[in-house]
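Each remark here refers to the structure printed beneath this line.
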Amino acid sequence: MSKRLKSPEVCADCSLPDPRWASINRGVLICDECCSVHRSLGRHISQVRHLKHTPWPSTLLQMVQTLYSNGANSIWEHSLLDPASIMSGKRKANPQDKLHPNKAEFIRAKYQMLAFVHRLPCREDDSVTAKDLSKQLHSSVRTGNLETCLRLLSLGAQANFFNPEKGSTPLHVAAKAGQILQAELLTVYGADPGTPDSAGKTPIDYARQGGHHELADRLVEIQHELTDRLAFYLCGRKPDHRNGQHFIIPHMADR
Ligand SMILES: [Zn+2]
């Protein structure tokens, strides 16, 4: 299943050549130093993974590769590309900058404050905007345009949004359409492959029903990722989901 990234690129944050890490939820490649800052921000801000030392599910790597090569970084640096901001002296970090404070401050502004995205992301209480963006996401995942979906997610669209008119979530739509890379992106942002729609069917059901077996298998794998890690930690074995072997972790309650 594991694949490797081919061409050497530059770090999305400081432009150092040959980045060895990816931020999965941001769709960018980053260098060792910048990665240390990403880690310090936590997984809710950046989910980092080594490009070579960690095995990758092939479609997850493809998702990151597609986002990266289609310029996902410009989502996070949108206003920096504006000539007015160049004139004002705002700039991204460069390889010669010090990690602290220069690179670290830039990375925090870029991903934690979202200081350079093309408009301020909606606040949590701004439910109308969030709902609107989520509806756009719901229809966008039917196509293969990952950057549009990442942009919507970056602005506050909810990956688990249940569309009351359609009776389903974005992951149901992606699964029906066989959009495996969209499914990867949505699940990175917390979409649940086991959520039922208004007909009681899950995204896994629709993928299977539409003959998208690779997608269905991958969704089952994603659904069990957390319990698999726990099972491996507890008993050193991993189940074979493709052949119907699942491990159940019993409820542990302090009575
Ligand atoms: Zn860097």
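The values are calculated or read from the model by the stated rules, or taken from the named source; none is laboratory data. Every value quoted in this text rests on a predicted model; they were computed, and no experiment measured them. Reconstructed Cβ throughout: ideal geometry from the backbone, glycine too, with neighbour counts over all protein chains shown. The accessibility values were calculated without ligands, DNA or RNA, using every heavy atom of the protein model including side chains. Shrake-Rupley method; radii C 1.70, N 1.55, O 1.52, S 1.80 Å.
Being in contact with a helix residue (DSSP H, G or I) (Cβ under 9 Å, 6 or more places away or on another chain) and more than 24 Å from HIS213 (Cβ to Cβ) is the filter; apply it to segment 163-188 and report the residue that is surrounded by the fewest Cβ atoms within 10 Å (Cβ to Cβ). The qualifying residue surrounded by the fewest Cβ atoms within 10 Å (Cβ to Cβ) is GLU165.
Of all residues in segment 4-45, which are at pLDDT below 95 and either surrounded by 20 or more Cβ atoms within 10 Å (Cβ to Cβ) or in contact with a Leu (Cβ under 6 Å, 6 or more places away or on another chain) (or both)? LEU5, GLU9 - these are the residues of segment 4-45 that are at pLDDT below 95 and either surrounded by 20 or more Cβ atoms within 10 Å (Cβ to Cβ) or in contact with a Leu (Cβ under 6 Å, 6 or more places away or on another chain) (or both).
The one condition from (1) over 18 Å from LEU114 (Cα atoms); (2) at pLDDT below 95; (3) outside any helix (DSSP H, G or I) that ALA84 does not meet is (3).
One residue stands out in segment 59-78 among those that are open to solvent by 20 Å² or more (accessible area, probe 1.4 Å) and polar (S, T, N, Q): the one that is farthest from PRO95 (Cα to Cα), namely GLN62. Only a single criterion out of (1) out of contact with any helix residue (DSSP H, G or I) (no Cβ under 9 Å at 6 or more places or on another chain); (2) crowded, with 18+ Cβ neighbours inside 10 Å; (3) of a type outside the set (S, T, N, Q) is not satisfied by CYS235, namely (2). Only one of the listed residues (GLU214, GLU221) is at pLDDT below 95, closer than 26 Å to ASN145 by Cα and out of contact with any Gly (no Cβ under 8 Å at 6 or more places or on another chain). That residue is GLU221. Taken over segment 46-61, the criterion of being more than 13 Å from the ligand (Cβ to nearest atom), at pLDDT 95 or above and of a type in the set (Ser, Thr, Tyr) is satisfied by SER58, THR59.
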